[in-house]
1. Step through the residues of region 212-224 one at a time and calculate ³J(HN,Hα) from phi using the Karplus curve (6.51 cos²θ - 1.76 cosθ + 1.60, θ = phi - 60°), rounding each to whole Hz and writing x for Gly and Pro.
2. Each residue of region 59-66 in turn: what ³J(HN,Hα) in whole Hz from Karplus with 6.51, -1.76, 1.60 and θ = phi - 60°, glycine and Pro shown as x?
3. If you restrict to DSSP beta bridges whose two residues both lie in the chain, what percentage is antiparallel, to the nearest 5?
4. Of all chymotrypsin sites (Phe, Trp or Tyr not before Pro) in region 112-154, which ones are in loop regions per DSSP and have a Cβ with at most 16 other Cβ atoms within 10 Å?
5. From the backbone phi of region 161-171, what are the Karplus-calculated ³J(HN,Hα) couplings (6.51 cos²θ - 1.76 cosθ + 1.60, θ = phi - 60°) in whole Hz, Gly and Pro given as x?
6. On a 27 Å Cα-Cα criterion, which of the cross-link pairs LYS141/LYS220; LYS58/LYS213; LYS160/LYS187 come out too long?
7. Just order 102-112, 27-37 by mean Cβ neighbour count inside 10 Å, highest at the front, would you?
8. Would you be so kind as to identify which of THR138, ASN31, LEU63 lies farthest towards the positive end of the dipole of the chain, taking Lys and Arg as +1 and Asp and Glu as -1 on Cβ and the Cα centre as origin?
Amino acid sequence: MLGCGGQAYAAQPNEPQAKRQVAIVIDDFGNRMDGTEEMLKLPVKITAAIMPFMPTTKEDAELAYRLGHDVIVHMPMEPNKGLKSWLGPGAITADLSDAEIRSRVENAIDNVPHAIGMNNHMGSKITADERIMRIILTVCKERGLYFLDSRTTWKTVIPKVAGEIGVPLVSNELFLDDIYSEQHIFKQVGLLKKHLESHSSCIIIGHVGVPGKKTAGVLKQSIPGMMNYVNFVKASSMLPASPGQPFVLPDA
């Protein structure tokens, strides 16, 4: 998955090319899964998306914060396919009442120390549901959190609803490890580099867990060679200047 985020950029003759911005978001912290230590020790700042109510939720959040990384809530949400049991505790499912959805989102935010934002874990069903996303994003607005749309479905209503409510929004543009092989992850990094030839920024998502050590290894190898033309930043650095005009990725 690669969208068209960031502004198209073409350097004028004899004009030095401005550095691009890349935000690395790593999902699924909170259960001390494979790659946790390696991701937190990458040579750049990352955005750590931490699942609530897990064995090491608070420990991972505190460590990420101490190391200077941003922390966001990795909110489990029901997908179109798959079992609800895969989501973990406190998940948002389509059968919940408005009051229960609000309660679960508020409790999740309270459970992840230092959280300044939220993104969706799975959630292809929920992020296409305007009723549910309106509740989730309203709580984010009330608590001062931005939202990162992981874009697990092209049917996402998040840009529309976030724009109406006034929640600062950024969107994922590339999954690094949707296939768990080093070859694929290197291929995705190649797509990132190609994207940056004509765009000023990109948000990418990787994971701890099954692909965690492979993804961390590929990033550790790839980052140094990109430093001369890329600033690696936290996802919050890409927030729009005005909450009333969120950065929206076109569906394409």
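1. x, 5, 5, 5, 4, x, 5, 5, 4, 6, 8, 4, x
2. 4, 5, 5, 5, 5, 4, 5, 4
3. Of the beta bridges lying entirely in the chain, close to 5 percent run antiparallel.
4. Those that pass, being in a loop and sparsely packed, are TRP154.
5. Going residue by residue, I get 6, 4, x, 5, 7, x, 8, x, 10, 10, 9 Hz, with x marking Gly and Pro.
6. Long pairs (Cα-Cα over 27 Å): LYS141/LYS220; LYS160/LYS187.
7. 27-37, 102-112
8. Selected residue: LEU63.
Computed from the coordinates by the stated procedures, all read-outs in this text should not be read as laboratory data. Keep in mind that this is a model prediction, so the values were computed, not measured. As a convention, Cβ positions derive from the backbone with ideal geometry for all residues, glycine included, and neighbour counts pool all protein chains shown.
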